[in-house]
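K.L.:
Below you will find the structure I want to go over with you.
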Amino acid sequence: MPFAPPADNCLIIAGRIAGACETRQSPAGVPISRFLLEHHSGQMEAGVSREARCRIPVVACGEALTGIAGPLVTGARLRVSGFVSRANYREGEYRLVLHAARIDMLDHESSED
Amino acid sequence: MSSLILRIAVPSPLDRTFDYLPPPDCDLAALQPGLRVRVPFGRRRVVGFLLELGAGTALDPAALRPAQAVLDTEAVLPADVLALLRWAQRYYHHPLGEVFAAALPTLLRQGESTELSAPAPLWHITAAGRAALATGPNRAPAQRLLLDYLARCSDGADPNALRAVVRDSAATLRALRAKNWVEPLARPASALAETAFAPRPPPELNAAQAAAVTSVAADLDRFQVFLLEGVTGSGKTEVYLRLIEAVLARDRQALVLTPEIGLTPQLLARFRERLPGPLAVLHSGLSDRERLNAWLLARAGAARVVVGTRSAVFAPLRAPGILIVDEEHDPSFKQQEGFRYHARDLAVIRGRQLGIPVVLGSATPALESRHNAERGRYRLLQLPERVGGGAQAPIEILDVRRQPMVDGLSRPLLERMRVHLARNEQALLFLNRRGFAPILLCHECGWLSQCRHCDARMTLHLRQRRLICHHCGDHRPVDAACPLCGSVDLRALGQGTERLEAALRQEFPDVGLIRMDRDSTRRRGSLETLLSAIHHGGRRILLGTQMLAKGHHFPEVTLVGIVDADQGLHGIDFRAGERMAQLILQVAGRAGRAEKPGAVVIQTHHPDHPLLRVLVSQGYPAFAAAALEERQAAWLPPFAHQALLRAEAVEPERATAFLQAARTLADSRADGIELLGPAPAPMERRAGRYRAHLLLQATRRQDLHRFLDPWIAQLRAEHADRRVRWSLDVDPMELF
């Protein structure tokens, strides 16, 4: 695979699942889960606190990750860490997808909102 | 020392005979054309064919090698087959030795003797077997079929006869014998493969059938080609049977050619039930020994009816009386490699040489045959009605543009299926593409599952978890990740029968489903199991490729769905439309019978395609007329006569360079001939070779052949570049 020397690409983000998680199998038998992560938090910027809000699609591949993501329902809270990549190779389109490397379920107390 | 020279056809790509001296201790008086002779050829020893006895040779007589042995005492092929082979050799411009080899069973080509081996014992049903049969359903359908058959053979049955009843008769017999339900008994010395079988009383003929039988039966002593055009279910086979009976009554033999796919156990069982004496069956599924035995029985005249696939057109007959070609439009009658002959066309030639009638039967005759009928060269006999009066199922075009499709199935089609299945009937879906999906695609970067050796995509077979190229056979495991970008998000694109099966099982979870294609019938006996489940009746979905469309009769089917008619409408070959029409009608013919009217639904994105419209609203004869008009306007066969010079080579330019040289050689003397090309083949690379062709076309057949003779000879002599493989295809059926 045409990889350049390892470059930094790491995103850790927490949030809730918006919509349901869909899981399918690739023709080679690899399970693939997709869901949308909704993030909402307070952050500091230039010494001022502010709101941060976004939605990002997450892909989780392989038995270990789909085992966690597959049963998730709307509203479940979790932290995903992984790398981002473009969603497809259509020219001019640079939507991002977070490819999960690790998924942690969060309990309700750690909620910020 | 006599200077007698043997001119021998040797199986080799060289288009000439080879001169040999007679073997040292040979009775010269016994030598005659048609004997097999073992000769040294290069460093090998091969079985050649004595064509001529000559007095002189163009070579130095001292350099000639003696033949090693003469293998026969009488000509191995009768004179009429020799004449047919010589004609075919001239017409198809194919090397003589290979033409002769095509006519002989493998064992005879290897030098085996032409003595019939001792007859195999006859199989009988035992008392225990009868008891088992009487107690009702048995889980093994093949065993049950065989037992049932044996129960009706009071004098036992020949193993060859049983082969036609179930596919793997040897294994089935072993299983039955282990249970003590059958036993082999040595046959009475008097009868050679003759088994007593009470023939079933023939059904009554309808008016059209009777008229067809009368026309042919009145003309049994001269050559005439009859084109028997009968809609599916119109009883063509019954017409054949009556004609065969008429021929047998005159102590002559009948030869019936059928496509491989149409040579079903049902067809053979029907022949056996009606016709006396042993039946010789010739097809590629037999062992070499069985094939040789059937061939020898035909030659000796002991088998009075010979049924076989393509190469059976060369079967030797002691007293030929009629030649019948069933499903005459079927492309499998054309040999597509090596000696590229068309068995239907050769049957017509053989009939002419013998002065006997030839019957070509089909529901959808080839446009060539229809054209011959229109010009009065063939006599047209039509069977417009189904036997038993059942109406032809109406065909409905289902416009699927902008329709939401689930795995290739539209809602309206699924709804129709639901209605028929709710009535406890069977629905048949036809899709001429096996596997799960024709393409594996990377959703992220667009990579496609390209074959390494061909300009084609590898087909995804999900059950085997393999990608398989349907063109060269190469295969590999399904990629876990995209080889280009590494994404695991690979997706199946398009539909094959496997995918349809999965979708239908989800849609109709409580309905039995049978998929029939080359993959699901690979195991021996599996076809019989599937067929017997279908005939068991009850609601069921049948799904398959053309394997399901041809030859079988499914009385419980009332709905036929053609999943994708668009494939055929836009094929690159000019015959694509004709093939699609023939397939559609053949599949449609499976629907309905007298008491249960059927319906046919065609899914298409091109509901206004003119030929499709004509076919659906006015039937095949109108379609054929319209298609023939198009052919005439475009100057295509049968209004032009074609020959295709194909070339292929590992390096890209070499094949084209050879064809360019061939064209240069041709240009100066191509009178009345149009040369098109060289052009790359529609699929340029296949199995690692680059392919190109040069098309020759002429209005008059003579012009073409007068030109081909010296041209091909010169190409053979002057262009012996071993890196280019080339071949000539006269009357090509496919332009790739």
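Bear in mind that the values in this text are calculations on the coordinates, not laboratory data. Here the structure is a predicted model, which is why all the values come from computation and not from measurement. No Cβ is skipped: glycine too gets one built from the backbone with ideal geometry, and neighbour counts run over all protein chains shown.
K.L.:
Using label points projected 7 Å from each Cα along Cα→Cβ, tell me how many nm separate A:A7 and B:A480, to one decimal.
P.N.:
It works out to 2.7 nm between the two label points.
K.L.:
Please label the shape of the protein assembly as shown as rounded, prolate or oblate, based on the square roots a ≥ b ≥ c of the eigenvalues of the alpha-carbon gyration tensor (a/c under 1.5 means rounded; beyond that, a/b larger than b/c means prolate, else oblate).
P.N.:
Since a/c reaches 1.5 and a/b is larger than b/c, the shape of the protein assembly as shown is classed as prolate.
K.L.:
How big is the dipole moment of chain B about its Cα centre under a simple scheme where the beta carbon of each Lys and Arg is +1, that of each Asp and Glu is -1, and everything else is neutral? Debye, nearest 20, please.
P.N.:
1320 debye
K.L.:
Within 10 Å of each Cβ in peptide B:480-489, how many partner chain Cβ atoms are there on average? Round it to a whole number, please.
P.N.:
Taking all residues of B:480-489 together, the mean is 5.
K.L.:
Treat each spin label as a single point 7 Å out from the Cα along the C-beta direction, and report the B:E115 to B:L493 distance in nm.
P.N.:
6.4 nm
K.L.:
Is it possible to state the helix-based mean residue ellipticity at 222 nm for chain B, with each DSSP H run of 4+ residues giving -39500 (n - 2.57), the sum divided by total residues, to the nearest 500 deg cm²/dmol? What is it?
P.N.:
It lands at -9500 deg cm²/dmol.
K.L.:
Further question on the same structure: What's the FRET efficiency of B:R130 with A:E63 using the Cβ-Cβ distance as r and R₀ = 51 Å, to the nearest 0.05?
P.N.:
Calculated value: 0.35.
K.L.:
OK, next. Given points 7 Å out from each Cα along the Cα-Cβ axis, report the B:D573 to B:N180 separation in nanometres with one decimal.
P.N.:
Going by the 7 Å Cα→Cβ label model, 5.6 nm.
K.L.:
Amide H to amide H, which residues 5 or more places from B:V46 or on other chains are under 5 Å from it, using H placed in the peptide plane?
P.N.:
B:V39, B:F41
K.L.:
Could you pull out which residues in the stretch B:286-311 have an amide N less than 19 Å from a spot 7 Å beyond the Cα of B:R524, following the Cα-Cβ vector?
P.N.:
Under cut-off, by backbone N: B:286-294.
K.L.:
Within a Cβ distance under 11 Å of A:A100, other residues only, what is the Lys/Arg minus Asp/Glu net charge?
P.N.:
So the environment of A:A100 carries a net charge of +2.
K.L.:
Using θ = phi - 60° and the Karplus relation 6.51 cos²θ - 1.76 cosθ + 1.60, list the HN-Hα couplings for the stretch A:16-23 in order, rounded to whole Hz, with x at every Gly or Pro.
P.N.:
Karplus-based 3J(HN,Hα) across the stretch A:16-23 equals 10, 7, 9, x, 8, 8, 9, 10 Hz.
K.L.:
Can you sort B:L448, A:L65, B:L323 so the residue with the fewest Cβ neighbours within 10 Å comes first?
P.N.:
B:L448, A:L65, B:L323
K.L.:
How do B:W295, B:W181 rank when sorted from fewest to most other Cβ atoms within 10 Å of their own Cβ?
P.N.:
The most exposed by this proxy come first: B:W181, B:W295.
K.L.:
Let me ask another. Shape verdict for the stretch A:28-105, please, from the Cα gyration tensor: rounded (a/c under 1.5), prolate (a/b greater than b/c) or oblate.
P.N.:
It comes out oblate by the Cα gyration axes.
K.L.:
Amide H of B:R433 versus every other amide H placed in the peptide plane: which residues, excluding those fewer than 5 positions away on the same chain, fall under 5 Å?
P.N.:
Sorted by chain and number, the residues that satisfy this are B:T497.
K.L.:
Further question: Explain nothing, just compute: Karplus ³J(HN,Hα) = 6.51 cos²θ - 1.76 cosθ + 1.60, θ = phi - 60°, for every residue of the stretch B:4-19 in order, whole Hz, x for Gly and Pro.
P.N.:
5, 10, 9, 9, 10, 8, 10, x, 7, x, 7, 8, 6, 8, 10, 8
K.L.:
Each residue of the stretch B:304-319 in order: what ³J(HN,Hα) in whole Hz does its phi give by Karplus 6.51 cos²θ - 1.76 cosθ + 1.60, θ = phi - 60°, with x for Gly and Pro?
P.N.:
Those phi angles translate into 8, 10, 10, 10, x, 8, 2, 6, 5, 4, 8, 4, x, 10, 6, 9 Hz.
K.L.:
Further question: To the nearest 20 debye, what is the magnitude of the charge dipole of the protein assembly as shown about its Cα centre, counting +1 on the Cβ of each Lys and Arg and -1 on the Cβ of each Asp and Glu?
P.N.:
The calculated dipole for the protein assembly as shown is roughly 1200 debye.
K.L.:
Another one. Which order do the peptides A:34-45, B:477-488, B:655-666 come out in when sorted by mean C-beta neighbours inside 10 angstrom, highest first?
P.N.:
Listed from highest to lowest mean packing, they are B:655-666, B:477-488, A:34-45.
K.L.:
Take chain A, connect every pair of alpha-carbon atoms lying under 10 Å apart with a spring to form a Gaussian network, then pick out the residue of A:S33, A:S49, A:S81 with the largest mean-square fluctuation.
P.N.:
A:S49
K.L.:
Let me ask another. Give me B:F554, B:F49, B:F314, B:F574 sorted ascending by neighbouring Cβ count inside 10 Å, so fewest comes first.
P.N.:
B:F574, B:F554, B:F314, B:F49
K.L.:
Right, here's the next one. Using a cut-off of 10 Å between beta-carbons, work out the net charge of the residues near B:L694 (Lys and Arg +1, Asp and Glu -1, B:L694 not included).
P.N.:
+2
K.L.:
Quick one: grab the alpha carbon gyration tensor of the stretch B:281-323, order the square roots of its eigenvalues as a ≥ b ≥ c, and give me rounded if a/c is under 1.5, else prolate or oblate depending on whether a/b is larger than b/c.
P.N.:
It is oblate, given that a/c is not under 1.5 and a/b is not larger than b/c.
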